Amino acid sequence: MMEKFKQLFEAKKIEFTLLLFGVTLIGVGVFLWKAGVTQTKIEILDSSTTVAGSGQKNTNKIFVDVAGAVKRPGVVGLVSGSRVNEAIASAGGITAEADSNWVAQNLNMAKVLEDGEKIYIPSVKSQDTNTTSVSSGQAISNKININNAIESELDKLPGIGPVTAGKIINSRPYSKIEDLIDRKVVTIKVWEGIKELISAW
């Protein structure tokens, strides 16, 4: 019996080899196909997409409060890294009543915004009633207006030198005097010495 099987194998040796090779190829093909089907899917997330399993949204967006003489005052959503001019544009732009001289002198349109900031655009009318002049930072109450004051005026404040005065100017606008501390523009010691001498509007 075994002798007959050996004779049959010898006679059909080429056919058996081809059959075995074909079965091997089929097995490899099925393996590769399954591997392709189960390949991990890659998904690109935008700023509004919820991250799976975390319940939190992708934090690429900031919100800024734009108020005063703009066409659509309110909170606007912006991409992180946006600048003051983009926030104002999102609020419809500056109105005809806005104090353009104040804006040109005091508002840094290129400043990168942080989440939760406030931008206030004064009107010509509000400037006339609240300050002695547009170009001066000295308010009627004799307090230094940190949104309007020039470097030489800020330099008169105790503990404020040219470097700190420049930081105050570059970090405008301010919605309240406490922004100087919140944004770490001045130290606690300096703040205690100037808080009764300054105003934001």
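The values are calculated or read from the model by the stated rules, or taken from the named source; none is laboratory data. Given the structure is predicted, the values throughout are model-derived calculations rather than measurements. Because the Cβ atoms are built from the backbone with ideal geometry, glycine has one as well, and the counts that use them run over all protein chains shown.
Data table
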read-out: Every pair of residues 6+ apart whose Cβ atoms lie under 7 Å, when the first sits in the range 162-179 and is outside the structural domain of residue 107 (by TED's automatic domain parsing) while the second is of a type in the set (Asp, Glu) and surrounded by fewer than 20 Cβ atoms within 10 Å (Cβ to Cβ); value: 162/151; 162/155; 165/151; 165/155; 166/151; 169/151
read-out: Among residues of the range 63-77, those that are part of a strand (DSSP E or B) and surrounded by fewer than 19 Cβ atoms within 10 Å (Cβ to Cβ), counted; value: 6
read-out: Sole residue being farther than 16 Å from residue 175 by Cβ, modelled with pLDDT under 90 and assigned by TED's automatic domain parsing to the domain that holds residue 157, chosen from 144, 42; value: 144
read-out: Restricting the range 83-99 to residues that are among the acidic types (Asp, Glu) and closer than 16 Å to residue 122 by Cβ, the residue that is surrounded by the fewest Cβ atoms within 10 Å (Cβ to Cβ); value: 97
read-out: Residue list for the range 100-118, restricted to those being charged (D, E, K, R) and buried (at least 19 other Cβ atoms within 10 Å of the Cβ); value: 117
read-out: Answer residue from the range 144-186, given it is closer than 17 Å to residue 113 by Cβ and in contact with a Ser or Thr (Cβ under 9 Å, 6 or more places away or on another chain) and is surrounded by the most Cβ atoms within 10 Å (Cβ to Cβ) among those; value: 147
